[in-house]
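Shown next, in structure tokens, is the structure this report addresses.
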Amino acid sequence: MMKVRIERIVDEALDIRSFRLVRADGQPFDAYEPGAHVDVTGPTGVTRQYSLCSPPEDRAAYLVAVKKEAASRGGSAALHEQVEEGMELEMGAPRNLFRLAAEAREHVMFAAGIGVTPLLSMAYKLNARGEPYVLHYFARSPEHAAFVELLSGPVFAGKVEFHYGVEPADLEAELAACLARAPAAAHVYTCGPAPFMNKVVEVARHSRGEDAIHLEHFQADPAANAAPAGSFEVELASSGVVLQVPADASLVDVLQAHGCDIDTECREGICGTCIVEVLEGEPEHRDNCLSSKEKASNRQICACVSRARSARLVLDL
Ligand code: FES
């Protein structure tokens, strides 16, 4: 974690504020990979993950945007109500689980609400690369959409289409019409509330394969908070030690209690900090950060929330 200073706060939409952060020591940041997020610890000591949405090559400052959540447990509400310009916060280094596909040369992006943030950083990158893309931005109204002025301005001219007030019953047809206009080879990216992303994925699957659909969740999978199904064993491949994970403990708690060096941040299966390689056995995935392809391969597990379908997992630890 490093200390950062809030240089500027801007109200970007109803309940959405952006925070321009500079390093407290005056040094430049590293350039970051579009789609990356950072951990930010606010004045209440609560740490949350926020996508970076400044131009990825701009090392002078990072920009994050925060939606004040109605059910905030001290993260977003504190950043809206308890901080002001000039204050310092703690911030982690950028991490990325939501990348532009290396093999893609055309892109179509679907954002809803605050989900526009990682896609905005991707749009900056695609502008710089000169690759064709369209960003479809869904919001209840212009007042609910962040960065409208920027996205309507010359930097993104002809690249952004706004979709305001689309009713849930009409969403599928609206998405299908957007995808029908997109090149068949274009990869699809989406970020927003889970029902929105689920619909994007469902519609996109009609015209392209799983490998061409990319998404990022901001919320935990409901399965993350489900009751553990039972106990299982984990074997640490380097030592052959076998540990029991009881029904009332998480895998990461058991591993950390044994002295394994595993970091955690969100503990909700969102940030990807605690991912461990699996050598044998079948995980029961309860996270929202591994892709469906990664989950199907059973080669990784999110140790804070996921468990095991097989009696034992062998981990690369
Ligand atoms: S700690 Fe964030 S996914 Fe496990």
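The values are calculated or read from the model by the stated rules, or taken from the named source; none is laboratory data. In this text the structure is predicted, and so the values were computed from the model without any measurement. When we count neighbours, we look across all protein chains shown, and the Cβ atoms used for this are built from the backbone with ideal geometry, even at glycine.
When the criteria are applied in full, H80 fails the requirement of being at pLDDT 95 or above and either in a strand (DSSP E or B) or not assigned by TED's automatic domain parsing to the domain that holds A186 (or both). Looking only at the range 266-291, residues that are surrounded by fewer than 18 Cβ atoms within 10 Å (Cβ to Cβ) and in contact with an Asp or Glu (Cβ under 6 Å, 6 or more places away or on another chain) come to 2 in all. Kindly evaluate L63 against the criterion of being among the aliphatic types (A, V, I, L, M) and not in a strand (DSSP E or B). Taking the combined requirement at face value, the residue does not satisfy it. Cβ separations smaller than 9 Å between residues 6+ apart or across chains give the following pairs from the range 97-126 residues that are touching a residue at least 40 places away in the same chain (Cβ under 8 Å) and more than 22 Å from Y164 (Cβ to Cβ) to residues that are among the charged types (D, E, K, R) and assigned to a strand (DSSP E or B): L97/E216; F98/E216.
Just to verify a result, which residue in the range 1-38, among those that are free of Cβ contacts under 8 Å to residues at least 60 places away in the same chain and either assigned to a strand (DSSP E or B) or assigned by TED's automatic domain parsing to the domain that holds L126 (or both), is nearest to the chain's Cα centre (by Cα)? So the residue we want is V38. When residues in the range 213-244 are screened for being surrounded by 12 or more Cβ atoms within 10 Å (Cβ to Cβ) and assigned to a helix (DSSP H, G or I), 2 of them pass.
Going residue by residue through the range 297-309, is there one that turns out to be farther than 30 Å from R205 by Cα, without any contact (Cβ under 8 Å) to a residue 40 or more places away in the chain and loosely packed, with under 15 Cβ neighbours inside 10 Å? No: the range 297-309 contains no residue that is farther than 30 Å from R205 by Cα, without any contact (Cβ under 8 Å) to a residue 40 or more places away in the chain and loosely packed, with under 15 Cβ neighbours inside 10 Å. Counting only strands (runs of 3 or more DSSP E) wholly contained in the range 245-317, the ones carrying 1 or more residues that are within 16 Å of the ligand (Cβ to nearest atom) and in contact with a Lys or Arg (Cβ under 8 Å, 6 or more places away or on another chain) occupy 275-280, 300-302. The range 90-183 holds helices (runs of 4 or more DSSP H) entirely within its bounds, and those carrying 3 or more residues that are touching a Gly at 6+ places or on another chain (Cβ under 9 Å) map to 116-129.
In the range 76-122, what count of residues is obtained for those that are buried (at least 24 other Cβ atoms within 10 Å of the Cβ), out of contact with any Cys (no Cβ under 9 Å at 6 or more places or on another chain) and either within 19 Å of V10 (Cβ to Cβ) or among the basic types (K, R) (or both)? Going through the range 76-122 one residue at a time, the tally reaches 1. Taken across the range 200-212, residues that are part of a loop (DSSP other than H, G, I, E, B), within 16 Å of the ligand (Cβ to nearest atom) and under 26 Å from the mean Cα position of the chain (by Cα) do not occur at all.
Taking the range 238-289 as the range and being out of contact with any Leu (no Cβ under 8 Å at 6 or more places or on another chain), among the polar types (S, T, N, Q) and in contact (Cβ under 8 Å) with a residue 24 or more places away in the chain as the test, the residues that pass are S250, T264, T273, N288.
Beta carbons closer than 7 Å, at least 6 apart along the sequence or on distinct chains, never pair a first residue in the range 39-66 that is over 25 Å from K125 (Cα atoms) with a second that is of a type in the set (S, T, Y) and buried (at least 24 other Cβ atoms within 10 Å of the Cβ).
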